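See below for the structure under consideration.
Just so it is clear, none of the values below were taken in a lab; they were calculated from the coordinates. Model, not experiment: these values are computed from the prediction. Neighbour counts are summed over all protein chains in view; Cβ atoms, including those assigned to glycine, are modelled from backbone coordinates with ideal geometry.
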Amino acid sequence: MSSRQHAVKSKRDARSPAGDALSGLVFRVLRLGGLLTSAGDRLAAPAGQTSARWQVLAAAEHAPSTVAHIARALGLARQSVQRVADVLAREGLVVYDDNPDHARAKLVRLAPRGRAALTAIQTAQRAWADELGAEIGEAELRRALPVLDSVLAAVQRREQPE
């Protein structure tokens, strides 16, 4: 292929500058997500938990919630949250309560053992967040929030079923 044909093909297949910027951000966010999951697993391990289990415990912290509600809040598949909640229930970390608003959709509620595990994880996470936040700087972190909020909102608009 001649260099001219290659240039035409490259130009046609190239993203716009905004598309390149978004792709770069997405790559970094995905990489960050993996690192945060690993860090979460490390923080949760002393309490005998994982990041996935921590998320479900934290989602039920303030009020009993259905598995579907927890899944929507976390942006996860209901089935994956159901599997984690079932394991937590078998281990006595959460309990399923009857839901007055829905006969089949039980409410997930923290059990005392689950509250103790969550408290231990949250204590470790506070120290981790304080240290990392100080390293990065509050001002820089606060500047990043509106950009991430804009990207999140735009992706949600495009991904929500009509």
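Listing for the model above:
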quantity: Förster radius 25 Å - calculated FRET efficiency between residue 113 and residue 79, Cβ distance, rounded to 0.05; calculated: 0.55
quantity: Net charge contributed by nearby residues that have their C-beta within less than 13 Å of residue 149 (K/R +1, D/E -1); calculated: +3
quantity: Rough spin-label spacing in nm, given labels placed 7 Å along Cα→Cβ, for residue 29 and residue 13; calculated: 2.6 nm
quantity: Crossing angle, helix 78-90 versus the chain [Cα axis fit, 0-90 degrees, rounded to tens]; calculated: 30 degrees
quantity: Overall form of the stretch 18-159 per C-alpha gyration tensor (a/c, 1.5; a/b vs b/c); calculated: oblate
quantity: The stretch 16-61 and the stretch 120-162: distance between their alpha carbon centers, rounded to Å; calculated: 10 Å
quantity: Length-normalised contact order of the chain in % [C-alpha pairs under 8 Å, at least 6 apart]; calculated: 18 percent
quantity: Per-residue ³J(HN,Hα) for the stretch 101-113, Karplus 6.51 cos²θ - 1.76 cosθ + 1.60, θ = phi - 60°, Hz, x for Gly and Pro; calculated: 8, 7, 5, 9, 8, 5, 9, 8, 10, 5, 8, x, 5
quantity: Within-14-Å neighbourhood charge of residue 80 [Cβ basis; K, R +1; D, E -1]; calculated: +3
